[in-house]
C-alpha cells in the first residue's frame, strides 16, 4: 500500500525568510509520525488573501505533495485573517487577530495560539506561575491583542497595557473588560512614561525590538528578580535582554513562545499535541550553531 501524499502547511508573512517555523513543525511531525511538509511564503504587503488562495490552489500530485490543510500567519497580516474565515475561536474573536488558519471542507477556521503559547512558555519552561502576579504588557498591537486574553485566563492579579499611543491601549483594555471581570483580573491602560513600577512580569510586545530602538519604558517597571520577556528572539531581542539583566531582572526571549504557539497550531491541524521541551532545546542549539 502506498503512502498518501503529505499534507501541506506554510507560514505566511512579510518578511518570512528568517522564520524557524518550518524547522519546528518538521520536528513535531518527526516526533509524532505525521505526514506533512511545511514551508515559507513571502507575501506582498497588499496581497495576503491572494497568497493564501494561491497556496491552496497550488497542489501538484506530480511533485508528490498533497493538499494544503492550513497555515500560520505572522506580521503584518494577523489583523487581516478574521474577515476571511468562516468560523473563528473565542480567543481569535476577542483578539480580533489570528495566527492560524485551518482549511476545513466548509470554510476556513481561524485561531490565535500566540497567547496560550506565551502562557505555557512562562509557566512550564520558565517556571513562573502567573496567578496573582502583576503584569506589564508593553505594546497594544497585534501581538498584545493575541496574548492579553490568555494572560487574563491565567489569573494574573493585574495587567497593565502600556503603549505609546494611549488610545490604542485603552481600546484593547475596553475590549477585554468583560473577559477580565469574568476572571477577576484588574486591567489598566497607560502611556509608556507613567505605567508604574515593580512588576512581577514584564512583557515586551512592542515594535521596539524589530526597529532596533531602545526599550520604551523605565527600568523602574522591573521588580528585582522579576521575569522580563521579549516576544522577539535572536538579535532583535538582545537589547531588551541586556536591559533586563542590567536592572536585575531575569530576561527571556520569545523562542519558547514561538515553539508553544506552533504546538497549539499543530494540535489544531493534526489532533495531537507534540512534546515541546526537546524541540525548544533543539531550536536553541540550532540558532546557537548558526550565530
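Can you name every residue in the range 49-64 that is over 20 Å from the mean Cα position of the chain (by Cα) and assigned to a helix (DSSP H, G or I)?
Going through the range 49-64, the residues over 20 Å from the mean Cα position of the chain (by Cα) turn out to be 49-51, 53-64.
Of everything in the range 49-64, those that are over 20 Å from the mean Cα position of the chain (by Cα) and assigned to a helix (DSSP H, G or I) turn out to be 49, 50, 51, 53, 54, 55, 56, 57, 61, 62, 63.
Got at least one residue in the range 49-70 being within 18 Å of residue 143 (Cβ to Cβ) and surrounded by 16 or more Cβ atoms within 10 Å (Cβ to Cβ)?
Of the range 49-70, the ones within 18 Å of residue 143 (Cβ to Cβ) are none.
No: the range 49-70 contains no residue that is within 18 Å of residue 143 (Cβ to Cβ) and surrounded by 16 or more Cβ atoms within 10 Å (Cβ to Cβ).
Scanning the range 65-87 for residues that are assigned to a loop (DSSP other than H, G, I, E, B) and under 16 Å from residue 44 (Cα atoms), which turns out nearest to the chain's Cα centre (by Cα)?
We begin by selecting, within the range 65-87, every residue assigned to a loop (DSSP other than H, G, I, E, B); these are 65-67, 74-77, 81, 85-86.
Now restrict to residues that are under 16 Å from residue 44 (Cα atoms): 74-77, 81.
Working: 74: 8, 75: 10, 76: 12, 77: 13, 81: 15 Å.
By that ranking, first place goes to 74.
Conditions (1) touching a helix residue (DSSP H, G or I) at 6+ places or on another chain (Cβ under 9 Å); (2) without any contact (Cβ under 8 Å) to a residue 40 or more places away in the chain; (3) surrounded by 15 or more Cβ atoms within 10 Å (Cβ to Cβ); (4) not assigned by TED's automatic domain parsing to the domain that holds residue 275, marked per residue:
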site	(1), (2), (3), (4)
12	yes, no, yes, no
17	no, yes, no, no
20	yes, no, yes, no
23	yes, no, yes, no
27	yes, no, yes, no
30	no, yes, no, no
34	yes, no, yes, no
39	yes, yes, yes, no
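Given the criteria surrounded by fewer than 15 Cβ atoms within 10 Å (Cβ to Cβ) and at pLDDT 95 or above, does residue 272 qualify? Can you show your working first?
Details: surrounded by fewer than 15 Cβ atoms within 10 Å (Cβ to Cβ): yes; at pLDDT 95 or above: yes.
Against the criterion (surrounded by fewer than 15 Cβ atoms within 10 Å (Cβ to Cβ) and at pLDDT 95 or above), residue 272 qualifies.
Which of (1) free of Cβ contacts under 8 Å to residues at least 12 places away in the same chain; (2) over 20 Å from residue 279 (Cα atoms); (3) not in a loop (DSSP other than H, G, I, E, B) is the odd one out, the single condition residue 46 does not satisfy?
Among (1) free of Cβ contacts under 8 Å to residues at least 12 places away in the same chain; (2) over 20 Å from residue 279 (Cα atoms); (3) not in a loop (DSSP other than H, G, I, E, B), the lone unmet condition for residue 46 is (3).
Quick check on the range 93-105: of everything there that is closer than 15 Å to residue 269 by Cβ and under 16 Å from the mean Cα position of the chain (by Cα), which residue is surrounded by the fewest Cβ atoms within 10 Å (Cβ to Cβ)?
Within the range 93-105, the subset closer than 15 Å to residue 269 by Cβ is 98-105.
Checking the rest, the ones that are also under 16 Å from the mean Cα position of the chain (by Cα) come to 98-101.
Working: 98: 30, 99: 30, 100: 26, 101: 28.
Ranking the candidates gives 100 first.
Testing residue 202 on (1) in contact with a helix residue (DSSP H, G or I) (Cβ under 6 Å, 6 or more places away or on another chain); (2) surrounded by fewer than 21 Cβ atoms within 10 Å (Cβ to Cβ); (3) in the same structural domain as residue 134 (by TED's automatic domain parsing); (4) under 18 Å from residue 123 (Cβ atoms), one condition comes back false. Which one is that?
For residue 202, the exception is condition (2).
Out of the residues in the range 113-153 meeting the condition of being assigned to a loop (DSSP other than H, G, I, E, B) and touching a strand residue (DSSP E or B) at 6+ places or on another chain (Cβ under 9 Å), tell me which one is surrounded by the fewest Cβ atoms within 10 Å (Cβ to Cβ). Give the steps one after another, and end with the answer.
Going through the range 113-153, the residues assigned to a loop (DSSP other than H, G, I, E, B) turn out to be 113, 126-133, 139-141.
Applying the additional criterion that residues be touching a strand residue (DSSP E or B) at 6+ places or on another chain (Cβ under 9 Å) yields 113, 126, 128, 130, 132-133, 139-140.
Values: 113: 27, 126: 15, 128: 17, 130: 22, 132: 11, 133: 21, 139: 26, 140: 25.
Out of the qualifying residues, it is 132.
The values are calculated or read from the model by the stated rules, or taken from the named source; none is laboratory data. Here the structure is a predicted model, which is why all the values come from computation and not from measurement. Glycine gets a Cβ as well: all are built from the backbone with ideal geometry, and neighbour counts include every protein chain shown.
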